[in-house]
1. With both partners inside the protein assembly as shown, how many of the DSSP beta bridges are antiparallel, as a percent to the nearest 5?
2. For B:Asp24 and A:Thr25, FRET efficiency with R0 = 51 Å and r from the beta-carbon atoms, rounded to 0.05?
3. Using Cα-Cα distances under 8 Å and only pairs 6 or more residues apart, what relative contact order does chain B have, in percent?
4. Once amide H atoms are built 1.01 Å from N in the peptide plane, which residues 5 or more positions from B:Ala149, or in another chain, come under 5 Å H to H?
5. Out of residues 5 or more away from A:Val258 or on other chains, whose amide H comes under 5 Å of its own, with H placed 1.01 Å from N in the peptide plane?
6. Could you give the longest part of chain B that holds none of the GluC sites (Glu not before Pro) found in DSSP loops with at most 15 neighbouring Cβ atoms within 10 Å?
7. Under a straight-distance cross-link criterion of Cα-Cα below 23 Å, which lysines are reachable from A:Lys235, leaving out those fewer than 8 residues away in the same chain?
8. Could you please rank A:His163, A:His174, A:His128, placing first whichever residue has the fewest other Cβ atoms within 10 Å of its Cβ?
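What follows draws every value from the coordinates through simple rules; no lab data is involved. What you are looking at is a predicted structure, and each value in this text was computed from that prediction instead of being measured. FYI the Cβ positions are ideal-geometry reconstructions off the backbone, even for glycines, and counts take in every protein chain you see.
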Amino acid sequence: MTDPLTPVLTKHWLGPESWTLRHYTELGGYSALRTAFDTPPDDLVALVKDAGLRGRGGAGFPTGMKWSFIPQAKPGEEPTGPAAKPKYLVINADEGEPGTCKDTPLMMADPHSLIEGCIITAYAIRAHFCAIYVRGEIVHCIRRLHAAVREAYEAGHLGKDIHGTGFDLDIVVHAGAGAYICGEETALLDSLEGRRGQPRLKPPFPATAGLYAAPTVVNNVETIATVPSIVAGGKDWFRTMGRERSPGPKIYSLSGHVERPGQYEAPLGTTLRQLLELAGGMKDGIPLKFWTPGGSSTPLLTAEHLDVPLDFEGATEAGSMLGTTALMIFNETVSVPWAVMKWTEFYEHESCGKCTPCREGCYWMAGILRRMVDGEGTEADIDTLLDVCDNVLGRSFCALGDGAVSPITSGIKYFRDEFVALCGAQRRHPEVERIVELSGASA
Amino acid sequence: MEPEHAIDEAGGTTAQHAELSRVDTSVFDGVRERAAAILARYPQPRSALLPLLHLVQHVEGHVSRAGIAFCAEVLEITTAEVSAVATFYTMYKREPVGRHLVSVCTNTLCAALGGDDIYAAVRERLGGPDQPLGHEQTAADGSVTIEHAECLAACDLAPVLTVDYEFFDKQTVDSALEIIDALRRGEKPHPTRGAPLTDFRSVELLLAGFFDDPAVGGLEAVAGPSAAVESLRGARLAEERGWTAPPVPDEGAHT
């Protein structure tokens, strides 16, 4: 049995000037890089696969498997097709899913764990160019990343013939410009190519046709920052934390109506009840009403779900998704329809406009919810909302549309009464009032 | 005679390029070397477009017609292609931004903890109770442009606002109004996390990738405070209680 908290990444954050190369090296940083360079790249891919590391950006795809999809030249053969092209590593640091606030403190406090992870990963997939696509609004992270990359070059961890291995790698820190959709990996790649950030049709997947139509691995910040610890500790060590299919530690971000919100790094499978205990319980003792396990795109859960193990399987079995383990926690004072309206307005703003179900659906869902919250809705609006959701879910070009319907369908599922109560309080539209008056009708 | 809409080598129509050549881009002459340095970072030049647009905002405080033409010129693509990108992203502003940009998070979590009230109060303070300033509008004295922002990835520190993208955490209506008043007086309140404030245009230079330029505080800015109590809560609690991850075996790797 492991301890309730298992800080691996976050323990680096405690030191003074934790973001410097000096501090990171003192804590043993960049020693995993030496180990990695003594390991054949294919063995590193196998190590990460066997460790069971799953993507920390929301989808939970097995990281080692993603790396293994990169076509590589066969020994002794002249490579053809995608295997003959350069390989790229792209880091998704475009953190913007509502509630999600783990990569930002990570990059601010400890950019070198990400940089070391980038070098090991690039070596494993045989990439010589890596871009860190970082959200433009987090300028202090951008500053720290740039400084860390420079320090890594000066220490010989980056550049040509790194530590005499013959391996070359350049890392570029690339600032985005404010678009949630760029967190979607193919939209991110289009954006990185200097275009509007709109998703691409898959297949082909980035593993064969990613950046500049060449084989590309796109991974989240926390995922790649975890890689050095796996190389240093080994797969069995990593698997001592978490659960069989969701191993390892995970940064849980608690926000909202809790006494001590913040970042808590615990084994995957920890429950909200356990996390709330660590965070001092609900703020002022006001009871929990609803929460998200991993950002606004993951269906809402309620007080019934306090004991759901928060790993990829547990969250799914409870009817939600693990997402980014961004736990937004709301007490009884918050109106569900209002919260759902605010989130829907977010998706309305962030829908990229490429596909009709998402572009039009988000627009109308937000409009209907605004009308209901203003007290001018009818019970028929609830059915209309669900019908629109049905036409967006699974019919949109990318997962943004699916995410947009999550708060609405789960909100109505658990709190339908609140939506109905809004209709009970409805005022008749002034125009209707006028027509009724003119016609002399009594209804 | 050449047809008017022939496609030229740069992928634009001849008519577009004739139009482009009429736009005066000399205001960017001082940053042409920087533009070239941005292009040199990438395997393919067009990847430079986002940082180039940030560079344009550094020069002009927004993306003007000349800024669009400048990017098109540098990348040898059409102005339509640049415009399509510039209009897609919220950080590229079509109207001149004031000295500082204040972004108030009004997404659900921040709003539930007071973000909506903060935004309303800031709008009124800058525009007056009868004509509160709207999204992406600038105070009459040019000191501050305001916007409501989507989730700023600091939910454990809600409600938050940023000034020139530096974090001011755990705000109240009063503390936010103090920040606004200070900015209008020409002062630069220190962010909770981040480097000392400069101004909107200087920060755009950082976004273009010139992170250690003296205009954005030089290398010293890197040391601006970062670790909020909230960020460290789990790690501190574990330290206090003696909780750790299982020890790393001596011969860890390859096992």
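1. Details: 27 of 55 bridges.
Expressed as a percentage, antiparallel bridges in the protein assembly as shown total about 50.
2. Working: r = 51 Å, r/R0 = 1.00.
Efficiency, from the Cβ-Cβ distance: 0.50.
3. On the way: 372 pairs, mean separation 39.9, N = 255.
Reported relative contact order: 16 percent.
4. Distant-sequence amide H within range of B:Ala149: B:Val104, B:Cys105, B:Thr106.
5. Result for A:Val258 returns A:Lys283.
6. Details: sites that count: B:Glu4, B:Glu9, B:Glu76, B:Glu136, B:Glu187, B:Glu251.
Longest gap between qualifying sites, sites excluded: B:10-75.
7. Hits, sequence-local ones excluded: A:Lys11, A:Lys49, A:Lys66, A:Lys250.
8. Values: A:His163 13, A:His174 25, A:His128 16.
Going from least to most buried by this count: A:His163, A:His128, A:His174.
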